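No lab work stands behind these numbers, since they all come straight from the coordinates. None of these values were measured; they are calculated from a predicted model. Quick reminder, even Gly has a Cβ in these numbers, built from the backbone with ideal geometry, and neighbours come from all protein chains shown.
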Amino acid sequence: MNIINYYKNGEFSQPLDKSKGRTIIAIDSQLVSVHQIIMPKISNAKAIKAIPFALEPELLSDIDELKFFPKKSKKDNAWDVLVVEKKVLNSLREKLEKSQCNVVLTIANFMLLPIIEDKVSYIKNDGIVTYRESDIKGGCIDEDLFNKIFTDESKLEQTDFRDLPNNMSFNLLLNDNFKKYLNPWKPVIFIGLFVLAVSIALDFVNNEQLKNDIDSQTANNKELFTNLFPQVKRIVDIRTQAQQKLEDVRKYNLEYNQDFITFLVDKTNESMRASKVTFENKTINIKEEKK
């Protein structure tokens, strides 16, 4: 991973080159400030909205000119907040867009220091100390001031910058310019959402039409059943009840076809006159009258 530093004077540690592949931009920690603030017991969403106003007395710039990156601390109701001027981010963004460099991450350079549990990692350079206490809590200050703040040497560990940050999800520019990165995709997203909405609407219309057709057919079936079998006062399961009634009709028809009159009709014709009918050995015999 290619790491390029971005200094206070607006210069880069090396030329931006898109051919170098995936790049991390490490902003000089002197361009950011980090604060910790205790918030009331409210939801995270409300706390995030209230944090800029709660920090306003500590800040030198107007909160409208600043971008806030809050993260819940391990302490109860405590928040670590990284603050950077919007103009710094906007200027950096313009330079990166012109270069077309493949920037995958933009962080404060103290975030390249390792996180050491219960200790502060730091590195010195020409009387300036860059240090890190936790995920987004760190900074860059004068060495004398650093020594006054961090007096317990057992809690300090001098180290070097890492090739990769611990947290690859934290991104200063992505959070600040999400809409900017989204703009080229807006037409595609809009078309996709439109097609999805139309598809859902058509499914709804088709389902409603199908439901209406089913309701209409059900009503017609009930009306036909009632006309055929008026003695049935209550329809519970029209299919089962219809099958039962049809079975009753089939049995009745079978019994009707096996009666004596039906038998005579089948065995005689209009020109025949029967003189005698006998039943012997389960057989019916018809004797025709002599002409």
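Things to note:
- The modelled label-to-label distance for the pair I149/R250, using points 7 Å beyond Cα in the direction of Cβ, is 9.2 nm.
- Taking the Cα centre of region 2-176 as origin and assigning +1 to Lys and Arg Cβ atoms and -1 to Asp and Glu Cβ atoms, the resulting dipole is close to 720 debye.
- When R22, R162 are arranged by Cβ crowding within 10 Å, least crowded first, meaning fewest neighbours, the order is R22, R162.
- Positive-end residue, region 59-142 charge dipole about Cα centroid, Cβ charges, pick of V129, S99, G139: S99
- Formal net charge of residues neighbouring D144 (Cβ-Cβ distance under 15 Å; K, R +1; D, E -1): -1
- Computed lengthening from I128 to V104, 0.36 nm per intervening residue step minus Cα-Cα distance: 5.9 nm
- Set K8/K41; K49/K74; K18/K124; K18/K137 screened for pairs whose C-alpha atoms are more than 29 Å apart: K8/K41; K18/K124; K18/K137
- Cut-off 13 Å between beta-carbons: net charge of the residues surrounding E133, Lys and Arg +1, Asp and Glu -1: +1
- Fewest-first ranking of D118, D203, using other Cβ atoms within 10 Å as the exposure measure: D118, D203
- Length added when fully stretched, N77-A201, from 0.36 nm per residue minus Cα-Cα: 40.1 nm
- Partners for K87 among aspartates and glutamates (Cα-Cα distance below 20 Å; same-chain residues under 8 apart left out): E11, D28, E56, E58, D62, D64, E65, E97, D176
- Distance between the modelled labels on E11 and R239, one decimal in nanometres: 8.3 nm (7 Å Cα→Cβ projection).
- Going from the fewest other Cβ atoms within 10 Å to the most, the residues M39, M111 appear in the order M39, M111.
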